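Working notes for the structure below.
The values are calculated or read from the model by the stated rules, or taken from the named source; none is laboratory data. Because the structure is predicted, anything quoted here is derived from the model rather than measured. Note that each Cβ is placed from the backbone with ideal geometry, even for glycine, and that neighbours are counted across all protein chains shown.
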Amino acid sequence: MEQVQNKKEIEVRFRWKRMLNYASVVKQMPFFLFLAALAVVYIYNGHLADKLNRDIARTARELKELEYEYKTVKGQVLFQSKQSELVKAVAPLGLQEMNTAPVVLAEESKK
(Lines give C-alpha, C1' and ligand atoms only; values in the text may rest on other atoms or scores of the structure.)
Protein backbone atom coordinates (compact mmCIF):
# COMPACT_ATOMS: atom_id res chain seq x y z
CA MET A 1 0.00 0.00 0.00
CA GLU A 2 2.76 2.30 0.86
CA GLN A 3 4.39 1.75 -2.49
CA VAL A 4 1.12 2.55 -4.30
CA GLN A 5 0.79 5.80 -2.39
CA ASN A 6 4.39 6.67 -3.09
CA LYS A 7 3.88 6.00 -6.80
CA LYS A 8 0.77 8.19 -6.87
CA GLU A 9 2.59 10.92 -5.00
CA ILE A 10 5.52 10.72 -7.40
CA GLU A 11 3.15 10.81 -10.38
CA VAL A 12 1.42 13.93 -9.03
CA ARG A 13 4.76 15.67 -8.48
CA PHE A 14 5.98 14.61 -11.90
CA ARG A 15 2.74 15.83 -13.53
CA TRP A 16 3.20 19.30 -11.97
CA LYS A 17 6.81 19.41 -13.09
CA ARG A 18 5.76 18.41 -16.58
CA MET A 19 3.10 21.18 -16.66
CA LEU A 20 5.50 23.84 -15.38
CA ASN A 21 8.41 23.28 -17.71
CA TYR A 22 9.66 26.07 -19.99
CA ALA A 23 8.06 24.82 -23.20
CA SER A 24 4.56 24.53 -21.77
CA VAL A 25 4.80 27.97 -20.12
CA VAL A 26 5.91 29.52 -23.42
CA LYS A 27 3.10 27.68 -25.19
CA GLN A 28 0.55 29.18 -22.78
CA MET A 29 1.99 32.74 -22.97
CA PRO A 30 -0.72 34.12 -25.36
CA PHE A 31 -3.38 32.95 -22.91
CA PHE A 32 -1.57 34.62 -20.00
CA LEU A 33 -1.29 37.84 -22.01
CA PHE A 34 -4.98 37.62 -22.82
CA LEU A 35 -5.78 37.24 -19.11
CA ALA A 36 -3.56 40.24 -18.29
CA ALA A 37 -5.28 42.36 -20.95
CA LEU A 38 -8.66 41.24 -19.64
CA ALA A 39 -7.65 42.28 -16.12
CA VAL A 40 -6.55 45.72 -17.37
CA VAL A 41 -9.87 46.19 -19.18
CA TYR A 42 -11.76 45.09 -16.06
CA ILE A 43 -9.87 47.61 -13.88
CA TYR A 44 -10.38 50.38 -16.44
CA ASN A 45 -14.09 49.62 -16.59
CA GLY A 46 -14.33 49.91 -12.80
CA HIS A 47 -12.57 53.27 -12.80
CA LEU A 48 -14.75 54.53 -15.64
CA ALA A 49 -17.92 53.50 -13.78
CA ASP A 50 -16.73 55.31 -10.64
CA LYS A 51 -15.96 58.45 -12.65
CA LEU A 52 -19.39 58.36 -14.30
CA ASN A 53 -21.08 57.97 -10.91
CA ARG A 54 -19.19 61.00 -9.58
CA ASP A 55 -20.15 63.03 -12.67
CA ILE A 56 -23.80 62.05 -12.31
CA ALA A 57 -23.81 63.00 -8.62
CA ARG A 58 -22.12 66.35 -9.38
CA THR A 59 -24.62 67.09 -12.15
CA ALA A 60 -27.53 66.21 -9.85
CA ARG A 61 -26.19 68.60 -7.19
CA GLU A 62 -25.79 71.38 -9.76
CA LEU A 63 -29.30 70.74 -11.06
CA LYS A 64 -30.72 70.96 -7.54
CA GLU A 65 -28.87 74.24 -6.94
CA LEU A 66 -30.17 75.64 -10.24
CA GLU A 67 -33.71 74.60 -9.34
CA TYR A 68 -33.44 76.48 -6.04
CA GLU A 69 -32.00 79.50 -7.82
CA TYR A 70 -34.82 79.41 -10.39
CA LYS A 71 -37.47 79.28 -7.68
CA THR A 72 -35.82 82.18 -5.81
CA VAL A 73 -35.55 84.37 -8.92
CA LYS A 74 -39.10 83.53 -9.98
CA GLY A 75 -40.39 84.54 -6.55
CA GLN A 76 -38.48 87.82 -6.71
CA VAL A 77 -39.83 88.59 -10.20
CA LEU A 78 -43.39 87.86 -9.11
CA PHE A 79 -42.94 90.07 -6.05
CA GLN A 80 -41.41 92.94 -8.04
CA SER A 81 -44.08 92.77 -10.74
CA LYS A 82 -46.88 93.51 -8.28
CA GLN A 83 -48.49 96.92 -8.89
CA SER A 84 -47.42 98.36 -5.52
CA GLU A 85 -43.80 97.33 -6.10
CA LEU A 86 -43.84 98.79 -9.62
CA VAL A 87 -45.04 102.13 -8.26
CA LYS A 88 -42.16 102.13 -5.75
CA ALA A 89 -39.66 101.20 -8.48
CA VAL A 90 -40.65 103.98 -10.91
CA ALA A 91 -41.14 106.72 -8.28
CA PRO A 92 -37.47 107.88 -8.49
CA LEU A 93 -37.96 108.38 -12.24
CA GLY A 94 -40.81 110.82 -11.58
CA LEU A 95 -43.51 108.54 -12.93
CA GLN A 96 -46.80 108.31 -11.11
CA GLU A 97 -49.80 106.09 -11.30
CA MET A 98 -52.73 107.55 -13.23
CA ASN A 99 -55.77 108.38 -11.11
CA THR A 100 -58.06 109.16 -14.05
CA ALA A 101 -59.29 106.95 -16.80
CA PRO A 102 -57.34 107.05 -20.04
CA VAL A 103 -58.67 109.22 -22.84
CA VAL A 104 -59.63 107.37 -26.01
CA LEU A 105 -58.68 109.23 -29.15
CA ALA A 106 -61.01 108.69 -32.06
CA GLU A 107 -59.99 109.41 -35.60
CA GLU A 108 -62.44 111.38 -37.64
CA SER A 109 -63.22 109.49 -40.75
CA LYS A 110 -63.53 111.39 -44.01
CA LYS A 111 -66.54 110.43 -46.04
Flagged in the range 60-109 as of a type in the set (Asp, Glu) and assigned to a loop (DSSP other than H, G, I, E, B), in numbering order, are Glu97, Glu107, Glu108
In the range 69-90, what residues are modelled with pLDDT under 90 and surrounded by 10 or more Cβ atoms within 10 Å (Cβ to Cβ)?
-> Gln80, Ser81, Lys82, Glu85, Leu86, Val87, Lys88, Ala89, Val90
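Results for (1) among the hydrophobic types (A, V, I, L, M, F, W, C); (2) exposed (fewer than 10 other Cβ atoms within 10 Å of the Cβ); (3) modelled with pLDDT of 95 or more, shown as yes or no for each residue.
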residue	(1), (2), (3)
Met1	yes, yes, no
Asn6	no, no, no
Ile10	yes, no, no
Leu20	yes, yes, no
Ala39	yes, no, yes
Tyr44	no, no, yes
